[in-house]
Every structure is written in C-alpha cells, then in structure tokens.
Amino acid sequence: MSTQQQVEVTLTHLYKDARFDHLKMLKSFAQSVFKSIQPSSFKDVYLSISKEQGEGLKRLIKENGIRNIIEFGTSFGISTLFLAQGVLETGGNIITTELIASKAHKAIENFKRAGVNHLIEVRIGDALETLKNHHEPIDLLLLDGWKDLYLPIFQMLEPNFHESTFVYVDNADMAETKVFLRAISQSNKYHLQPKFGGKVVLISIRK
Ligand SMILES: C[S@@+](CC[C@H](N)C(=O)[O-])C[C@H]1O[C@@H](n2cnc3c(N)ncnc32)[C@H](O)[C@@H]1O
C-alpha cells in the first residue's frame, strides 16, 4: 500500500469515529451550564474540517508547491493528514500545535499509523508559546484553533510571511473570527477570498 493510500485508510477510520462528534458536543454544552466552556471541554471531540475542505487544502498545496506549513489546532490530526498528503507531493513538512496533550498524543499515533509521522512535528501546548520562536518562512498557515487567538497568532507569525504565503482561516463565519477578519482587511496588504459559502476565508498577499 502506498503512503497516500495509508493516509486515506486512516482518514476513513477517523471520520467514522468523528461521526459521534455532535453527541459529544451536546454533552460538553450541557456540562457548560455548570462550568465555563474550555478547550478541555472538547478533549474527546474531533471538531475537524470536512473532507471537501481537506481535498481543497491538498489541491492548494500541490498547485502552489507549498512546502512549509504551520497549523494551529491539531485535535486528533484529521486536517494535518490532508496537509501531509499535500506535502508528500511537494517535499514539504508540517509543524502543528495542540493544547490538549491527550489529543496531541492520539494525533501522533494517527500520523504513525498513516506512515507520515516523519513529515509532522507536533508541538504540545499553547500555540502562543509553542510557535513564538518560529523564524522560518511560512508558505501556508492553517488557523483552526480557538478563534480569539487568530489575531495574536497571525500577528506573531506575520514576519515570516512572504509574497506567496496563504493563510487558511476555518470557521470564518463565527463572530470572533469576523472580528479578526475585519482587523486584517483594514490593511491593504491582504486579499481575502471566501470559500465554502463563507465557512472558510483564504488570505493571500496582494501583489
Ligand atoms: C477545531 S479543533 C481542530 C481541528 C483540526 N484542525 C482538524 O480539522 O482535524 C481546535 C483545536 O484547537 C485546540 N486549541 C485550542 N486552543 C489552543 C491553543 N491555545 N493552542 C493550541 N491548540 C489549541 C483545541 O484543543 C482543539 O483540539
């Protein structure tokens, strides 16, 4: 079996497991009546991108020869596996970061099972800490963690952007993400392109 096929098999298994996400989400929201919602409230929930989004990310990586990828929000690694399928073709690699250690360890197991562990560095902890000393060019930044951190993470990593950098913003239709996108669109530097009916915004640098 090729590595691409191994990733496909792992993704099929993970999406099957993720089909109970909505029930787990309901449980987390019910519990939030008694305590405030934290990332740990979703420690068992995938909250993953859709297969269509994953396929789109793969295409974006291949068509633009993207090699250096940073991902904020690993969860159990579904989106990272699509990124890995892309960089298998371009010879790139991925740094991904996850706050909840148990999720990060499960993601690492999934990357090993899919045969792409060597392409992925998983940094466990708060993205504002784990990515703060990153001083390498970024071809693609995937923002898919907690939305209030999109702006500080974007600003922290902005010095590493170059003229062909893409920033893929998931959950662009959420209120906190809209605040982030408004702030970004105030600068003439960036071009914002909605995708998937506005669920995603792809940011690129104006030429
Ligand atoms: C929407 S899920 C990511 C889904 C994943 N990208 C996928 O498509 O499979 C968001 C993840 O971000 C993580 N997260 C939240 N705040 C974080 C932080 N400050 N640093 C790193 N990860 C964080 C959460 O624990 C959660 O697992």
Task: Point-charge dipole on Cβ atoms (K/R +1, D/E -1) for the chain, about Cα centre, debye to 20 - done: 360 debye
Open item on the list: Once you order the gyration tensor axes a ≥ b ≥ c over the Cα atoms, which shape class does the range 62-122 get: rounded for a/c under 1.5, otherwise prolate or oblate by comparing a/b with b/c?
Closed with: prolate
Task: Cα pair distances in the range 3-205, grouped into 5 Å bins until the bin that holds the longest one, percent each - done: 1, 7, 16, 20, 22, 17, 10, 4, 1, 0
- [ ] Counting only C-alpha contacts under 8 Å and six or more residues apart, can you give the relative contact order of the range 3-205 as a whole percent?
- [x] 17 percent
- [ ] State whether the range 154-204 is rounded, prolate or oblate according to the following rule on the C-alpha gyration tensor (a ≥ b ≥ c being the square roots of its eigenvalues): a/c under 1.5 gives rounded; otherwise a/b larger than b/c gives prolate, and the remaining case gives oblate.
- [x] prolate
Task: Estimated 222 nm signal from helices in the chain, with DSSP H stretches of n ≥ 4 weighted -39500 (n - 2.57), rounded to 500 - done: -13000 deg cm²/dmol
Open item on the list: Tell me which of Q38, H191, T165 sits at the most positive position along the dipole axis of the chain, charges placed on C-beta atoms (Lys, Arg +1; Asp, Glu -1).
Closed with: Q38
Open item on the list: Taking all protein chains in place and a 1.4 Å probe, what share, in percent, of the accessible surface of the chain do carbon and sulfur account for?
Closed with: 54 percent
Task: Charge dipole (the range 3-205, unit charges on Cβ, about Cα centre) - positive-most of G125, Q85, I49 - done: I49
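Highest mean first, how do 136-143, 16-23 rank when packing is the count of other Cβ atoms within 10 Å averaged over residues?
Ranking the peptides 136-143, 16-23 by packing returns 136-143, 16-23.
Please calculate how many Å² of accessible area the chain carries per residue, with a 1.4 Å probe and no DNA, RNA or ligand atoms counted. Before the final figure, lay out the partial values.
Working: 10400 Å² over 207 residues.
Heavy-atom accessible area per residue stands at 50 Å².
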Open item on the list: Using the basic label-point model (7 angstrom from Cα toward the beta carbon), what is the R19 to Q6 distance in nanometres?
Closed with: 2.7 nm
Task: Ordering of 197-204, 76-83, 108-115 by packing [mean C-beta count within 10 Å, highest first] - done: 76-83, 108-115, 197-204
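The values are calculated or read from the model by the stated rules, or taken from the named source; none is laboratory data. Just so you know, these numbers come straight off a predicted model, no measurement behind them. We place every Cβ from the backbone using ideal geometry, glycine too, and count neighbours over all the protein chains shown. SASA here: full protein model, heavy atoms, side chains in, ligands and nucleic acids out. Shrake-Rupley method; radii C 1.70, N 1.55, O 1.52, S 1.80 Å.
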